[in-house]
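**Student:** To start, I am sharing the structure in question, which I have written as structure tokens.
The values are calculated or read from the model by the stated rules, or taken from the named source; none is laboratory data. Quick caveat: nothing in here was measured; it's all calculated off a predicted structure. A quick note on method: Cβ atoms are made from the backbone with ideal geometry, for glycine too, and the neighbour counts reach across all protein chains shown.
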Amino acid sequence: MNSDRHTHLRALVILGGIVFIFLLVRGPVAWRQSGGQDEEWYAVPGLMVAEEGVPRVPYARASQEGSVFLGAERMLFAMPPAAFYAQAPFFLVLPATYGTARMASLLAGCIAIVTVFGFGREWFADDRVGLWGAGIYSLTRLLFFPATFARPDMLCGMFGLLAMWGVARWTNVRSLRWVVLAGVCLGLAGLSHPFAIVFAMQLFPWVLITGRGIKERIVVLIALSVTTAITFSLWLPMIFAAPDLFRLQFLNNILAPAGPGLLARLLMPWDSFSHHLPMLIDRTHPVQFVMLLGGWLVFGKMIWRSRRMGAATPMLSDADLSETRCSSGLTCWLLAGSSVYLLIACQGEHPIQGYWCYSAGLLCLCLAAVVVRTVDTLSSQHDMTKAQSTFRRGLLTGVALLLIVLAMLPGSGVRTILAYVQHAGDPNYQNAAFVESILEDLPVDAQLTVGIEFALDAYGIRSATGRPDDVILGIRHPLYFDSTRIPTNYAILGRLALAEQLDEAMNGELVSIYGDHDDEFSCYAEVYRIR
């Protein structure tokens, strides 16, 4: 017992190290980088919740019918609000910047890493699988991006993993409180992003299959349904306060882009697969994609072989499915594979890939199980002494760790980190300081149209001086609004706005340039005086 406790405490220390390294590597990137895709919409509502209690986008001016963000300056319904309320506490103690908004996603990423470790004990009865899974997960690009952007994907994925862990725990101890926890997390996931429907499509069949007898199945289904519904209903007061805005924003942003009906996509997901697969490979990086897919396939083969041979190792303890009630490696394998299919089918044609942080956690566990099983097999030959076995185990573990780290390096953001370290004191590499340097050169009473990379930071600075209405989001998109039609004195345009030729549309006079255009890691802006 003492030995097991010591081993678990050591595993927790290693887990703490994994989380610390993740924060050390990803934290500066999240804090310093300019605003990215959709952050202009999903970062500032957290600031508004902190100041006013209601999520909205104060620098939006959408007026045309059909705009996803029509009326967003009054209240935002384009996305459920949990992520904005998660951002609010950070805005109470930190400045009004994109970096502050991202802290909620970064924290959610840390909790997701810890949750992946927790699956090691619930599904595999082995902290080593949990540690390998958490470590691999912390290195993946599928966690890197959503954890460093102010979007709701990471929070939703975290709650999804927690909901799965709650049911996994219930299958082992049969205490209804874990089902209640799963229901609360499922409801919070739904309050974060609509892709939480995938978690529901996995959880409800899972508890139905693993329940013992009709009575337990009914009780568990009711508990899961009621707690999920009660939690999700927290959004209803906001919806009832402005039902027209909810209908216009939510339906246009979430349901319309998904394409044909959900049932049709579930039965015939070919178009969705052809749309998502190239983007998934690009987001994951080909090397990581092959590694995660290969781990899932090899783990499936291991499960199949162990069941054929009647084996029952801690890793593959599902040889007798009726006794383990699916709380095993097989459950992990099935949930990982089905999550990819369901996400692709449910999302339809969707350009954002942050939701893969959920599937990635499960896929990393499958790969971790393969690593642990392989190391155990190769270091436990009958003709070896205990010392030889220990040495070989350590050597194989080191080799496996080295290979995985090397596979994760391409596209891992190493160049970005090095650039920030090299230019630690340069405001061109810190978005908030960069925006402040621009505003210092402009009249304090000027009306400003600001590109998406700098909008929140500019709004925060002007709001602190009592002039929040001076800032309008610089954008020109048929589904959002056209800021070129709104009177302004100056336009601060970054790379994204310039790529959309917003400078030409505004017909302004270039008065100054900030940053290094040729350095992709440097902030860059052009300031135009509008005639």
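**Student:** Out of all the residues in region 354-365, which are part of a helix (DSSP H, G or I) and over 13 Å from V290 (Cα atoms)?
**Tutor:** Answer for region 354-365, where residues must be part of a helix (DSSP H, G or I) and over 13 Å from V290 (Cα atoms): W356, C357, Y358, S359, G361, L362, L365.
**Student:** Specify the residue that is farthest from T374 (Cα to Cα); the eligible residues are those in region 278-302 that are under 18 Å from the mean Cα position of the chain (by Cα) and of a type outside the set (S, T, N, Q).
**Tutor:** M279
**Student:** So which residues in region 57-67 are surrounded by fewer than 19 Cβ atoms within 10 Å (Cβ to Cβ) and either touching a His at 6+ places or on another chain (Cβ under 7 Å) or within 15 Å of F250 (Cβ to Cβ) (or both)?
**Tutor:** G66
**Student:** Name the one entry in V93, V116, V129 that is of a type in the set (V, I, T), assigned by TED's automatic domain parsing to the domain that holds I18 and over 30 Å from T171 (Cβ atoms).
**Tutor:** Of the residues listed, the single one that is of a type in the set (V, I, T), assigned by TED's automatic domain parsing to the domain that holds I18 and over 30 Å from T171 (Cβ atoms) is V93.
**Student:** Could you list, in sequence order, all residues of region 34-68 that are closer than 19 Å to I492 by Cβ and free of Cβ contacts under 8 Å to residues at least 40 places away in the same chain?
**Tutor:** Passing the criteria: only W41.
**Student:** Hey, can you tell me all the residues within region 449-490 that are over 21 Å from S34 (Cα atoms), part of a loop (DSSP other than H, G, I, E, B) and among the hydroxyl-bearing types (S, T, Y)?
**Tutor:** T465, T488
**Student:** Which of the following residues is touching a helix residue (DSSP H, G or I) at 6+ places or on another chain (Cβ under 8 Å) and of a type in the set (G, A, S): A424, A387, A432?
**Tutor:** So the residue among A424, A387, A432 that is touching a helix residue (DSSP H, G or I) at 6+ places or on another chain (Cβ under 8 Å) and of a type in the set (G, A, S) is A432.
**Student:** So, in region 68-114, of the ones that are among the β-branched types (V, I, T) and within 14 Å of the chain's Cα centre (by Cα), which residue ends up surrounded by the most Cβ atoms within 10 Å (Cβ to Cβ)?
**Tutor:** It comes out as I113.
**Student:** What is the residue count in region 133-164 for residues that are assigned to a helix (DSSP H, G or I) and of a type in the set (D, E, K, R)?
**Tutor:** Qualifying residue count, region 133-164: 2.
**Student:** Tell me the helices (runs of 4 or more DSSP H) entirely within region 1-56 that contain at least 2 residues that are surrounded by fewer than 20 Cβ atoms within 10 Å (Cβ to Cβ). Full working, then the answer.
**Tutor:** Details: elements: 2-32, 39-42, 44-52.
Once the helices (runs of 4 or more DSSP H) in region 1-56 are filtered for at least 2 residues that are surrounded by fewer than 20 Cβ atoms within 10 Å (Cβ to Cβ), what remains is 2-32, 44-52.
**Student:** When region 170-187 is examined, which residues are found to be in contact (Cβ under 8 Å) with a residue 24 or more places away in the chain and under 18 Å from A200 (Cβ atoms)?
**Tutor:** W170, T171, V179, V180, A182, G183, V184, C185, L186, G187
**Student:** Here's something else I'd like to know. Count, please, the residues in region 479-498 that happen to be among the polar types (S, T, N, Q) and buried (at least 23 other Cβ atoms within 10 Å of the Cβ).
**Tutor:** 1
**Student:** Something else now. Report whether or not V19 is among the β-branched types (V, I, T) and without any contact (Cβ under 8 Å) to a residue 60 or more places away in the chain.
**Tutor:** No; evaluated as a whole, the condition is false for this residue.
**Student:** On to the next question. Limited to region 93-102, what total is found for residues that are assigned to a helix (DSSP H, G or I) and either more than 12 Å from P152 (Cα to Cα) or without any contact (Cβ under 8 Å) to a residue 24 or more places away in the chain (or both)?
**Tutor:** Restricting attention to region 93-102, the residues satisfying the condition of being assigned to a helix (DSSP H, G or I) are 93, 98-102.
Add one more test, that the residue is either more than 12 Å from P152 (Cα to Cα) or without any contact (Cβ under 8 Å) to a residue 24 or more places away in the chain (or both), and what stays is 93, 98-100.
Going through region 93-102 one residue at a time, the tally reaches 4.
**Student:** Using beta carbons and a limit of 9 Å, which pairs, at least six apart or on different chains, have the first residue in region 483-500 and in contact (Cβ under 8 Å) with a residue 40 or more places away in the chain and over 10 Å from E453 (Cβ atoms) and the second one charged (D, E, K, R) and part of a loop (DSSP other than H, G, I, E, B)?
**Tutor:** Short answer, once both residue conditions are applied: S483/R61; I486/R61; N489/D445.
**Student:** Another question, if that's okay. Only one of L224, L245 is farther than 23 Å from R151 by Cβ and in contact (Cβ under 8 Å) with a residue 24 or more places away in the chain; which?
**Tutor:** Going through L224, L245 in turn, just one is farther than 23 Å from R151 by Cβ and in contact (Cβ under 8 Å) with a residue 24 or more places away in the chain: L224.
**Student:** Now, a different point. Any chance region 448-455 includes a residue that's within 30 Å of the chain's Cα centre (by Cα) and hydroxyl-bearing (S, T, Y)?
**Tutor:** Taking every residue of region 448-455 in turn, at least one turns out to be within 30 Å of the chain's Cα centre (by Cα) and hydroxyl-bearing (S, T, Y).
**Student:** For L418, are the conditions met, namely being surrounded by 12 or more Cβ atoms within 10 Å (Cβ to Cβ) and free of Cβ contacts under 8 Å to residues at least 24 places away in the same chain?
**Tutor:** Details: surrounded by 12 or more Cβ atoms within 10 Å (Cβ to Cβ): no; free of Cβ contacts under 8 Å to residues at least 24 places away in the same chain: yes.
For L418, the condition - surrounded by 12 or more Cβ atoms within 10 Å (Cβ to Cβ) and free of Cβ contacts under 8 Å to residues at least 24 places away in the same chain - is not met.
**Student:** Would you check if there is a residue in region 135-148 being in the same structural domain as I303 (by TED's automatic domain parsing), closer than 21 Å to G460 by Cβ and of a type in the set (S, T, N, Q)? Spell out the reasoning first.
**Tutor:** Keep residues of region 135-148 that are in the same structural domain as I303 (by TED's automatic domain parsing), which gives 135-148.
Subset that is closer than 21 Å to G460 by Cβ: 148.
Okay, now just the ones that are also of a type in the set (S, T, N, Q), so 148.
Yes, because at least one residue in region 135-148 is in the same structural domain as I303 (by TED's automatic domain parsing), closer than 21 Å to G460 by Cβ and of a type in the set (S, T, N, Q).
**Student:** Somewhere in region 409-427, is a residue under 19 Å from H285 (Cβ atoms), in a loop (DSSP other than H, G, I, E, B) and of a type in the set (S, T, N, Q)?
**Tutor:** yes
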